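Values quoted throughout were computed directly from the atomic coordinates according to the rules given, and no laboratory measurement underlies them. Note that this is a predicted model, so its numbers are computed, not measured. No Cβ is skipped: glycine too gets one built from the backbone with ideal geometry, and neighbour counts run over all protein chains shown.
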Amino acid sequence: MEETVTQSAVGARKCISIMVPTYNEEENVVPLSEAIIAEFAKSLPQYDYEIVFIDNCSRDTTREKLRALCAGNPRIKAIFNVRNFGQFNSPYHGICQTSGDCTIPLCADFQDPVEMIPRLVAEWERGYKVVCAVKTTSRENRLMRFLRTCYYKIIRKMSSVEQIEHFTGFGLYDRSFVDVLRELDDPTPFIRGIVAELGFSKVEVPYEQAKRRAGKTSNNFNTLYDAAMLSFTTYTKTPIRAVMLLGSLLMALSVGGGILCAVLGALKFDIDLYWLIPVIGFFSSIQLVGLGLVGEYILTLRSKIMRRPLVIEEERLNFEDK
């Protein structure tokens, strides 16, 4: 806040960074950059801007389009990764490479409305360090939204920090928050959880998520599962403790059942043991679920202690100072 006040005092124009992660977005990067520039000219002419694209090794002509954009406008920058580093690392790294007074991450497919940028900036100027854009309605598949809603409610109840429902990371982050992100040194960052965890002053702004403008989404079951498990294993202890308590209860029931069978056998009662087959199957399935859950926690821990870099860059465009 002090730096912002100082800039205003000397009459300097504040700079707003727009960060756009891309993967096979050849049909969207040019229209999106044009829409962003038009929005600044229309609604935010008093601000400077930079647009930072970070490409996660696209297989189409996205990089050629980005090269042309950077050649035509020095305020458009691009980072090319040597390979696809996933849905979390690349955007997080892109945010950390911005240089504006605040940063707005924006999806390349137009599902994050460009028209929201002035609303986010207005809340930032009121003093909020983090402005969270929250999806109150969406034009996505109804079943998918229902499943997302269930997921958010479950993680919110289990998490040790207050999670934000239907917050995907789209919003505005003050430079002071971005500076903290640079210092976290987290090899598996989950920006939605970090926003809730760090405690910066924040406000929620509702919006309707639009349909993808063009192209095919890269989200699938694996990417959605990765997001859910990273959130669970990073910010919750409830699942692993619930499995432990369930195991303790089943162990007690097994001991009691064993004693009962021994007593009935000693009293010469005929006992039909076929019912033990589904019981054993049930216990075995509980064990497998528990082992799988423990494995997810171990995988998250493993990725954190390996200290791999967030991404490895292949090339930068229009980053003269880096």
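What to note about this one:
- Projected label points at A12 and V203, each 7 Å from Cα along the beta carbon direction, are separated by 2.5 nanometres.
- Label-to-label distance, nm, for residues given as R308 and C150 (7 Å Cα→Cβ offset): 3.1
- Cα-based Rg of the range 53-110 normalised by 2.2 N^0.38 Å, two decimals: 1.12
- For E162 and A41, the difference between the fully extended length at 0.36 nm per residue and the C-alpha to C-alpha distance is 39.9 nm.
- Student exercise, the range 94-136 dipole from Lys, Arg, Asp, Glu Cβ charges, in Debye to nearest 20: 160
- Length released on extending from V289 to A71, taking residue separation times 0.36 nm less the Cα-Cα span: 73.2 nm
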